[in-house]
Structures are given as structure tokens and as C-alpha cells.
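Each remark here refers to the structure printed beneath this line.
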Amino acid sequence: MSLFITFEGPEGSGKTTQIRRLAAALEARGWPVLATREPGGTRIGNAIRNLLLDPIHTEMVPRAETLLFNAARAQLVDQVIRPALAQGTIVLCDRYADSTLAYQGFGHGQDLDELRMLIRYATGSLTPHLTVYLDIDPAVGLGRKRQGQDEEWNRLDAKDLAFHQAVREGYLRLAQEEPERWLVVDADQPQETVHRRILEAVEARLAALQTPPPGSSITGQRRGR
Ligand code: TYD
């Protein structure tokens, strides 16, 4: 049994909060959970993250950006995600390959087929079982992020609103193409409502796998993150 769930969404859609809540709910039910994020999640990935998001790197060309995101992804897949899935851990990832299609593809206009080829190479074709897309109007999302006290303001946030609108439309197209993998949730609702919707969908997937949480007969035994 393994379950790989990714979270996507424009800036300020509340992904981080929802991942934290889902991880806590699953752990409370006895599932081993690992939460990670892109770009980052490994030492090499974090070094690449700094390169990518530093607002000083205004000269970065789109192809260099794409390759760096995918280098960080390759490292995360091999070093963290695949080993965790092999142990039966539920993996929650804050952004994954669909971010490349939405931002570099629909946002920057890079060729989608070429991006898909690169993603296959970077991930060894590892595809999420479920992708939760937290949908929000970028004008609302960016406003939320600007108001947030502890949110970093990065190089990609600084793109104009039209870029972020294109990213959102891209996400909605991707979700339409693969409705069985994507769960689209309106993120402009109370946190609790969004959380319940996500948890329901994840529980349905777990039920379909028809395996109880490991150690569910042994109370108090739970593997942490
Ligand atoms: P981050 O601070 O993690 O933002 P967020 O909280 O919105 O996830 O920054 C990640 C940024 O990188 C975000 O603007 C989306 C962008 N990104 C891409 O453009 N392509 C990618 O493949 C990935 C993974 C992220």
C-alpha cells in the first residue's frame, strides 16, 4: 500500500495549512505520514530553492528555471518520496510536477510536451495518486499572501497578475484532463470546510485500497513524520 498525494494551487491558497491539518488527521488515525515540499525537501533541493526564489536573480531564463525545478524534483523523488512510499508511508507533497506545467508551461508559455518529457525523466514517471488543487482567484490569493506575517515574498510571486491568471487557468485545464486524479476545492471558504472536503476524498482513496492503518490493532503505536 502506498499513497502519494500532491497539493497544488496559486500563491496564498492555503496549501501549507491544509497539508498540516491533513497530516495531523491521518496520523491521528494511525497512518504513517511524511510531508515534504517543492522546491526543497532535501539538502540539494534547498540549495536549488535558494537559487530559484532569490529575488536578485532577475536574469534567470525560463529554461534554466525549468531545469532547476526538475533537478530539485529528481533529488526529492529518489532521496525521499520513493523510499517513503516503499515503506507504506503516505506522502504529502506541497507542489510537484503539475507546478512545472502550470507555471513554466501555462505561465511562461513553454512547450507542454517538452515539459512532460522532462518531468518523466526527472521523476522516473512517478505520478501522484491524488492531486488536491486549492483553487482561488490569484488577486485574492496574492492579497492574502502579502498580508501574511511570516510568508516570504519570492521572485515568482513578483510576476504580474496576468501571469498568475494564466497559471490558474492552466491548473483548471490540467484538472479537467485527468478528473480521476484531481480534486478541485474552492479555497475561498473556511479552512475547516476545505479540510473536511480533502479528508473525505483521502479517506475514500484509503478505503478503496482496503487496508487498515498499520498497527491499528495496537493502540498508541504510531510512526511520526
Ligand atoms: P513557495 O515559497 O514554496 O510558494 P508557495 O507557498 O506558493 O508554494 O515558492 C514556490 C514557487 O515556485 C511558487 O511561486 C511556484 C513556483 N514553482 C514553479 O514555478 N515551478 C515548479 O515546478 C515548482 C515546484 C514551483
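None of the figures in this text is laboratory data; all of them are computed from the coordinates on show. Not measured: the values here are computed from a predicted model. With ideal geometry, Cβ positions are generated from the backbone for all residues, glycine too; neighbour counts draw on all protein chains shown.
Data for the structure
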{"item": "0 to 90° range, to nearest 10: angle between helix 43-53 axis and the chain longest Cα axis", "result": "40"}
{"item": "For the stretch 81-100 versus the stretch 168-210, the gap between their alpha-carbon centres in whole angstrom", "result": "16"}
{"item": "FRET E, pair residue 117, residue 57, Förster distance 22 Å, beta-carbon r, rounded to 0.05", "result": "0.30"}
{"item": "Relative counts (whole %) of C-alpha pair distances in the chain, using bins that are 5 Å wide", "result": "1, 7, 14, 19, 21, 17, 12, 6, 2, 1, 0, 0"}
{"item": "The chain, helix-only ellipticity at 222 nm - DSSP H runs n ≥ 4, -39,500 (n - 2.57), divided by all residues, nearest 500", "result": "-14500 deg cm²/dmol"}
{"item": "Nearest-ten-degree value, helix 112-123 long axis tilted from longest Cα axis of the chain", "result": "50"}
{"item": "Stretchable slack from residue 44 to residue 169, in nm (0.36 nm times residue separation minus alpha-carbon distance)", "result": "41.9 nm"}
{"item": "Amide hydrogen neighbours beyond the local backbone of residue 132, cut-off 5 Å, H modeled", "result": "6, 7, 8, 183"}
{"item": "Cα-based helix-to-principal-axis angle, 191-209 vs the chain, degrees rounded to 10", "result": "60"}
{"item": "Unit charges at the beta carbon, dipole of the stretch 3-209: most positive-side option, 133, 47, 96", "result": "47"}
{"item": "For the stretch 1-58, fraction of C-alpha pairs farther apart than 15 Å, in %", "result": "62"}
